[in-house]
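Here the structure comes first, spelled out in structure tokens, and everything after it is commentary.
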Amino acid sequence: MMASSLETSPDPQLGRWKTGHRILHGYLIVMVTILDEMVNYVSYETERRVSSALLELTTLNIASTASMRYATSFSIEAYEQVIRPSMMPPATRAGFSGALNTDHRRMLEGMDALSSELDKRFGHSQTIWPPDVLAAWEALLRARREVHRNHGLVCRQFVDGPSLLRLHRVRDDNS
């Protein structure tokens, strides 16, 4: 099998791309694990344990933002010449997107399931949730918004136009 230009590039900055994404993937796996456990125990675990686990997820989201920023600390030329082409055919299938990652999808599904379980346990109105659980949940939601904001900044830093996934979808719609 031929090595990709990402693997053979002499530019040491590109190691950041690979390392940052590997670290991000590790965070995703831990988040999915915690979310799976929480969904199963929110109904009976102590409020203290629930709020503690929510704060663990908050920390992991903050760390994932840092790893994403680390992963993208390179020049626009490196992105255009090596990284973006590595995410296009023939290196990957058309419409490649990190959002299609199985663990990313499981994390988003886990967040939805956790939200539902918290509502079942503590009530649909967050005004009646225990203060420590509510504060931890709100911290997690702030961290998630920061993840989205930073991902948008990363995209705008390098991509002047639609993402590879959006380009693919537009082509499919016009076919």
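Per-structure values
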{"item": "Within the chain, helix-based [θ] at 222 nm, where runs of 4 or more DSSP H residues each add -39,500 (n - 2.57), nearest 500", "result": "-22500 deg cm²/dmol"}
{"item": "With 10 Å bins from 0: P(r) over the range 39-93, alpha-carbon pairs, percent", "result": "19, 25, 22, 17, 15, 1"}
{"item": "Semi-axis lengths, Å, the chain, gyration tensor of Cα atoms, sqrt of 5 times eigenvalues", "result": "36, 18, 14"}
{"item": "1.4 Å probe accessible area per residue over the chain, in Å²", "result": "60 Å²"}
{"item": "Principal-axis tilt of helix 164-173 within the chain, Cα atoms, nearest 10 degrees", "result": "80 degrees"}
{"item": "Sorted peptide list for 84-93, 115-124, 130-139, criterion being average Cβ within 10 angstrom, highest first", "result": "130-139, 115-124, 84-93"}
{"item": "Fraction of accessible area attributable to carbon and sulfur, the range 63-114 (%, probe 1.4 Å)", "result": "57 percent"}
{"item": "Packing-based order for 142-149, 47-54, using average beta carbon neighbours within 10 Å, highest first", "result": "47-54, 142-149"}
{"item": "Alpha carbon Rg of the range 127-175, scaled by the compact-globule rule 2.2 N^0.38 Å", "result": "1.85"}
{"item": "Computed over the range 93-169, Kirkwood Rh from alpha-carbon pairs, angstrom", "result": "14.9 Å"}
{"item": "For peptides 63-75, 33-45, sequence by mean Cβ density within 10 Å, most packed first", "result": "63-75, 33-45"}
{"item": "The chain: angle of helix 47-71 to the longest principal axis, Cα-based, in degrees nearest 10", "result": "10 degrees"}
{"item": "Nearest 10 degrees, 0 to 90: helix 102-122 Cα axis against the chain principal axis", "result": "20 degrees"}
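The values are calculated or read from the model by the stated rules, or taken from the named source; none is laboratory data. Just so it is clear, the structure is predicted and the values come from calculations on it, not from any experiment. With ideal geometry, Cβ positions are generated from the backbone for all residues, glycine too; neighbour counts draw on all protein chains shown. Side chains included, ligands, DNA and RNA excluded: accessible areas come from the protein's heavy atoms. Shrake-Rupley method; radii C 1.70, N 1.55, O 1.52, S 1.80 Å.
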